[in-house]
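Asks: Structure below; questions to follow.
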Amino acid sequence: MKMSEKESLRETGRRARKGLPAAASLSARICERIMNWDIFVSSRRIMSYCAIDGEVNLLALNSSPGARELYLPAVAGDEGSCVIEARRFLKDAVCVKGKFGISEAPASAPVIKPEELELILVPGVMFSPAGGRIGFGRGYYDRFLASCSAAVKAGVCFEVQLEDDFETERDDVSMDFVITEKKIYEVVKKRGEGK
């Protein structure tokens with residue numbers, strides 16, 4: 001996909017989610033859908049996120065992890081070598097603002113190895129029901145997700161952020177599921193597809 005096409009889709013996704021008049025109630029519906037989902041129910045080590053820029057707000061889910069271990073992404077490292085690490089978020093803990101103004105667990109929080117995560121709820125600007133994802137364009141999530149071999153990767157978005165199909169690049173990591181307020185789309189991967 002040409003960079004101009006990707007930027008155009010990125011802008012379309014941002015506009016669509018920011019223009020939603022009922023984003024709070026749709027976010028609540030998505031949280032309920034996730035919390036009743038059998039994969040979420042059976043997972044013990046889950047990475048969620050704190051919403052920014054009109055993303056689906058998972059605060060209700062993050063506030064009641066139950067017996068699960070909940071982790072939040074944090075951007076660590078220097079300017080040229082930034083990476084995502086999954087930090088444990090303990091109930092009633094106070095988040096701090098990270099490198100890009102995103103709320104994350106404090107630097108003192110325990111970090112889990114990526115391969116130990118069981119489920120990752122992934123934000124994005126645009127998704128396809130076929131598992132494609134467009135993020136903010138820095139590649140941090142894709143690099144992190146590539147190291148999470150055992151985890152189920154579930155993109156989380158509003159239905160208006162779905163685009164039927166778009167080309168993904170070689171380093172883009174495909175989702176296993178895409179969750180919206182309307183349904184959970186299961187991605188059927190072609191034989192031999194690793195990502």
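Asks: Go through the residues of segment 26-35 one by one and say whether even a single one is loosely packed, with under 12 Cβ neighbours inside 10 Å, hydroxyl-bearing (Ser, Thr, Tyr) and assigned to a helix (DSSP H, G or I). Quick ask: steps written out before the conclusion?
Replies: As a first pass, look at segment 26-35 and keep what is loosely packed, with under 12 Cβ neighbours inside 10 Å: none.
Scanning segment 26-35, I find no residue that is loosely packed, with under 12 Cβ neighbours inside 10 Å, hydroxyl-bearing (Ser, Thr, Tyr) and assigned to a helix (DSSP H, G or I), so the answer is no.
Asks: If residue 21 meets every condition in (1) within 13 Å of the chain's Cα centre (by Cα); (2) over 22 Å from residue 118 (Cβ atoms); (3) of a type outside the set (D, E, K, R) apart from one, which number is that one?
Replies: Result: residue 21 fails condition (1) only.
Asks: Quick one: in segment 159-186, which of the residues that are closer than 21 Å to residue 11 by Cβ and assigned to a strand (DSSP E or B) is farthest from the chain's Cα centre (by Cα)?
Replies: So the residue we want is 162.
Asks: Out of segment 45-103, which residues are exposed (fewer than 12 other Cβ atoms within 10 Å of the Cβ), over 25 Å from residue 25 (Cα atoms) and of a type outside the set (A, V, I, L, M, F, W, C)?
Replies: Once the filter is applied, which keeps residues that are exposed (fewer than 12 other Cβ atoms within 10 Å of the Cβ), over 25 Å from residue 25 (Cα atoms) and of a type outside the set (A, V, I, L, M, F, W, C), segment 45-103 yields 78, 79, 80, 81, 97.
Asks: Which of the numbered conditions does residue 99 fail, given that it passes all the others? Conditions: (1) touching a Pro at 6+ places or on another chain (Cβ under 7 Å); (2) in a loop (DSSP other than H, G, I, E, B).
Replies: Residue 99 satisfies all of (1) touching a Pro at 6+ places or on another chain (Cβ under 7 Å); (2) in a loop (DSSP other than H, G, I, E, B) except (1).
Asks: Looking only at segment 41-62, count every residue that is of a type in the set (A, V, I, L, M, F, W, C), in contact with a strand residue (DSSP E or B) (Cβ under 7 Å, 6 or more places away or on another chain) and more than 15 Å from residue 180 (Cβ to Cβ) and tell me the total.
Replies: Step one: filter segment 41-62 for residues of a type in the set (A, V, I, L, M, F, W, C), giving 41, 46-47, 50-52, 56, 58-61.
This time we only want the ones that are in contact with a strand residue (DSSP E or B) (Cβ under 7 Å, 6 or more places away or on another chain), so: 46-47, 50, 56, 58.
The next check asks that each one be more than 15 Å from residue 180 (Cβ to Cβ); those that pass are 46-47, 50.
Number of matching residues: 3.
Asks: While we're here: I need the full set of residues from segment 104-133 which are surrounded by 14 or more Cβ atoms within 10 Å (Cβ to Cβ), without any contact (Cβ under 8 Å) to a residue 60 or more places away in the chain and either hydrophobic (A, V, I, L, M, F, W, C) or assigned to a strand (DSSP E or B) (or both), in order please.
Replies: Across segment 104-133, the qualifying residues are 104, 105, 109, 111, 127, 130, 133.
Asks: May I ask you to say which residue of 60, 93, 24 is among the small types (Gly, Ala, Ser), in contact with a helix residue (DSSP H, G or I) (Cβ under 8 Å, 6 or more places away or on another chain) and free of Cβ contacts under 8 Å to residues at least 60 places away in the same chain? Walk me through how you get there before you give the answer.
Replies: Working: 93 fails: in contact with a helix residue (DSSP H, G or I) (Cβ under 8 Å, 6 or more places away or on another chain); 24 fails: in contact with a helix residue (DSSP H, G or I) (Cβ under 8 Å, 6 or more places away or on another chain).
Among 60, 93, 24, only 60 is among the small types (Gly, Ala, Ser), in contact with a helix residue (DSSP H, G or I) (Cβ under 8 Å, 6 or more places away or on another chain) and free of Cβ contacts under 8 Å to residues at least 60 places away in the same chain.
Read-outs: derived from the displayed coordinates by stated rules, not from any lab. Note that the coordinates shown come from a computational prediction; the quantities given were computed from them, not determined experimentally. Here the Cβ is made from the backbone with ideal geometry for all residues, glycine too, and neighbour counts use every protein chain on show.
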